[in-house]
1. Among 385, 380, which is the only one that is over 19 Å from residue 337 (Cβ atoms) and in contact with a strand residue (DSSP E or B) (Cβ under 8 Å, 6 or more places away or on another chain)?
2. Considering only residues that are surrounded by fewer than 20 Cβ atoms within 10 Å (Cβ to Cβ) and either in contact with a helix residue (DSSP H, G or I) (Cβ under 6 Å, 6 or more places away or on another chain) or more than 14 Å from residue 341 (Cβ to Cβ) (or both), which ones fall in region 390-402?
3. What's the total number of residues in region 116-125 that are out of contact with any helix residue (DSSP H, G or I) (no Cβ under 8 Å at 6 or more places or on another chain) and either in contact (Cβ under 8 Å) with a residue 40 or more places away in the chain or surrounded by 14 or more Cβ atoms within 10 Å (Cβ to Cβ) (or both)?
4. Quickly run through region 441-466 and pick out the residues that are surrounded by fewer than 13 Cβ atoms within 10 Å (Cβ to Cβ) and assigned to a helix (DSSP H, G or I).
5. For residue 47, state whether it is over 30 Å from residue 349 (Cα atoms), part of a loop (DSSP other than H, G, I, E, B) and not assigned by TED's automatic domain parsing to the domain that holds residue 210.
6. Might you let me know whether region 225-238 holds any residue that is surrounded by fewer than 23 Cβ atoms within 10 Å (Cβ to Cβ) and in a loop (DSSP other than H, G, I, E, B)?
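The values are calculated or read from the model by the stated rules, or taken from the named source; none is laboratory data. These numbers were taken from a predicted model, which means no experiment stands behind them. Counting neighbours? That spans all protein chains shown, and the Cβs are built from the backbone with ideal geometry, glycine included.
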């Protein structure tokens, strides 16, 4: 039976694109953080939407589970199969073309396997901006971004990936193609099917193409790093910057002192703008559609007011593109510095912005009481309420020993998130890693509605089983 199924897959995609040897499959089967390696009958690498559809039809006919995969940069085990070896992995890496750019409609139509950075570059080549920006943009794919509703550093101004997508092309669990590649801002003709598949992590169907929003390139973007005493001061700065700069405020990233010290330790060539340490830092970006002078004026006035009101203690404004890139690199290297320092327990959470400071005070205290001297690495897109709240072991403690406390630490963090009306997943998704946690914090009504949608669209249960639900 397996040979018949794989034979059909070879007929569809070609022998070279049905990988069954362990060495050939290995790069696809381990998660990004190297913590889990799954097993698979085969890795399928279709080259067209039609091939995806035919492969899904074969999976349905033989009742073979299928795990869609993009750039494999996810952190919640959403795009790797389990250890049973019953599933096939469907890699969309060969669907990597930009199909069309419409400058008048401000849209770009792309294959799901397009690398995010490629889309950014293609937009820029046409004088436009595609604002989704992530640390993994050089390797993540837009299909994965859509499947997890990725956020990134520009959500404050432009929204999540969901807000940046106007239309989708999707292969259903039955192997049919829904062609919804319409670049419309308004389409009030029934249920929002596009919205169903975005954020569904491949559990309802396979996204193969998308129409994405483009924006005019700003005339200038100016960056500053602002030092302050507390997250509460960061929220005061956010309010001030929003009042004074409005939609020109395009980035607002919070970073703790310990996070920046990690970067300084493991990447000493990156900028270290301040001679003394401060408790918290905000990386703030202003973009102007008018001129560089306008952007500089907005930023300088906001910082001056923040200093006058004792919201900020110090600030450094980038005076060149190279300096601006250097400041952003400090932010983007936090995760890499953490990895270089050793393993840690990660949390991708979101909170009402007004409750961030209270959450941090409460949760920091609870963790330090339960696990004295643990180190809290907090950073994130505080402008939209998204924190990466990661816990590292105390000095001298073996990382593997500390990871044994993961369930207890997760309970403290997630219970606190829930108490402050937040979410246990802001932009990374649920995958397999947080599936059991979802049941703890979602209401029975929500879960029943989600299961009903899953059952209706994937009655055989072959699409990315064991993920989300």
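1. Matching residue, one of 385, 380: 385.
2. 400, 401
3. Result for region 116-125: 6.
4. 444, 445, 446, 448, 449, 451, 452, 455, 456
5. yes
6. Within region 225-238, one or more residues are surrounded by fewer than 23 Cβ atoms within 10 Å (Cβ to Cβ) and in a loop (DSSP other than H, G, I, E, B).
Here is a yes/no grid of residues against (1) in contact with a helix residue (DSSP H, G or I) (Cβ under 7 Å, 6 or more places away or on another chain); (2) more than 14 Å from residue 379 (Cα to Cα); (3) at pLDDT 95 or above:
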| position | (1), (2), (3) |
| --- | --- |
| 246 | no, yes, no |
| 250 | yes, yes, no |
| 271 | yes, yes, no |
| 275 | no, yes, no |
| 281 | yes, no, yes |
| 290 | no, yes, no |
| 294 | no, yes, no |
| 298 | yes, yes, no |
